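Structure first, commentary second.
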Amino acid sequence: MLRTVSGFIISFVILFLLTSFHPGGEPDQNPRSPKIRTLIIDPGHGGLFPGTRGLISTEKDVTLDISLKLGEAVRKNFPAVKVVFTRTTDACVNNATNLHDDLHGRAQIANQAKGDLFISIHCNATRQPAGGYYEKRVIGHKKKLVYVGRGRKKRKRWVNAPVYESYWVKNTRVGTETYIWKAGKQENKNDAINEREEGGEDVTDSAAGEAFDLTSPEARMRAALYEKKYFDNSALFATLVEQSFSAAGRQSYGVKQRDVGIQVLQATGMPSVLIEVGFLSNKEEEEYLNSDKGQDEVVQNIIDALKRYKDQLEGNTDTIEAAAADSSK
Ligand SMILES: [Zn+2]
């Protein structure tokens, strides 16, 4: 009984919040069809933080090249969409001197610009050295004379010693994967959502008691509702990106969820994805990601996904749910 009553109250509050709150502060005739007005492009790493290194390149440079080309392509394909970069040079965001400030700066730029979608571009690597590495294997044994014991007790002894051979192991792993922020750990994302709705002011860092109470039940519930919506849209876009890579013949590891190491996604109050466009630790894939052909293809794959994402969001909302549900399989 208690459950029924509280269930009713919660439904009522959710209904009230859904009908009374408009994203971006503007009244929207149909709150279920948000549009992509501002796209945030985040070239991973930069400045003090080079990211992974391949044989001929460094992640921070490759991500910047691809991001700048992506920005150009968005302007060409979707002239109405405003593009905001978190960085356009090889520097830390806001000249940060530590990683926390750098990542926080990225989220702050995204939130202040009131982005509708956040795309972070990164390159992958395996733990093994770029290109390849030598490993040893036993190819047989041979008798070897060794001394055992010390001083007067020292004796000669024949032992069976392994014979090793070095061999080259090519770093073969290639492919793409797109990360979304793992739902469940809601604290930071909720704060970012409220931060964004308060006009981009960094209310969490400002003096206590100012402007808006982030801990109020209304703020929490509003954030939770948007969290769910952002999660679905992040999953949808990530799925479309990976489908696009796969259709272009790339190896795709699909959409992955993570809650550590992607703080920048956690701190943005909007649908956010982190695209690992390929492995710099593989010689051929690194060359591909450094070539105009490869960069143009990666950009085109993301543009194709963006087209489908925009179509689905701005058109039939049923397909959003279908695709999002598909991505969770
Ligand atoms: Zn990276």
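A few comments on the model shown:
- Output for segment 52-66, where each listed residue is surrounded by 22 or more Cβ atoms within 10 Å (Cβ to Cβ) and either more than 16 Å from the ligand (Cβ to nearest atom) or not in a helix (DSSP H, G or I) (or both): G54
- Within segment 280-302, residues that are within 11 Å of G131 (Cβ to Cβ) sit with their Cβ atoms under 8 Å from residues that are in a helix (DSSP H, G or I) and acidic (D, E), at 6+ positions apart or across chains, in these pairs: L280/E59; L280/E286.
- Check on E218, of a type in the set (D, E, K, R), assigned by TED's automatic domain parsing to the domain that holds N301, surrounded by fewer than 17 Cβ atoms within 10 Å (Cβ to Cβ) and modelled with pLDDT under 95: yes
- Assessment of segment 67-83 against the conditions (acidic (D, E), closer than 24 Å to S234 by Cα, buried (at least 19 other Cβ atoms within 10 Å of the Cβ) and at pLDDT 95 or above) yields no matching residue.
- Restricting segment 92-117 to residues that are within 15 Å of the ligand (Cβ to nearest atom) and not aliphatic (A, V, I, L, M) leaves a set whose member that is nearest to V62 (Cα to Cα) is C92.
- Test for I193: is it of a type outside the set (S, T, Y) and at pLDDT below 95: yes
- Those residues of segment 47-90 which are of a type in the set (A, V, I, L, M) and farther than 21 Å from Q295 by Cβ, in sequence order: L48, A80
- Tally, over segment 236-275, of residues that are crowded, with 21+ Cβ neighbours inside 10 Å and assigned to a helix (DSSP H, G or I): 12
- Screening S166 with (1) farther than 30 Å from G278 by Cα; (2) modelled with pLDDT of 70 or more; (3) among the hydroxyl-bearing types (S, T, Y); (4) surrounded by fewer than 11 Cβ atoms within 10 Å (Cβ to Cβ) gives one miss only, at (1).
The values are calculated or read from the model by the stated rules, or taken from the named source; none is laboratory data. Computed from a predicted model, the values in this text were never measured in an experiment. Cβ sites come from the backbone with ideal geometry, for glycine too, and all protein chains shown count toward neighbours.
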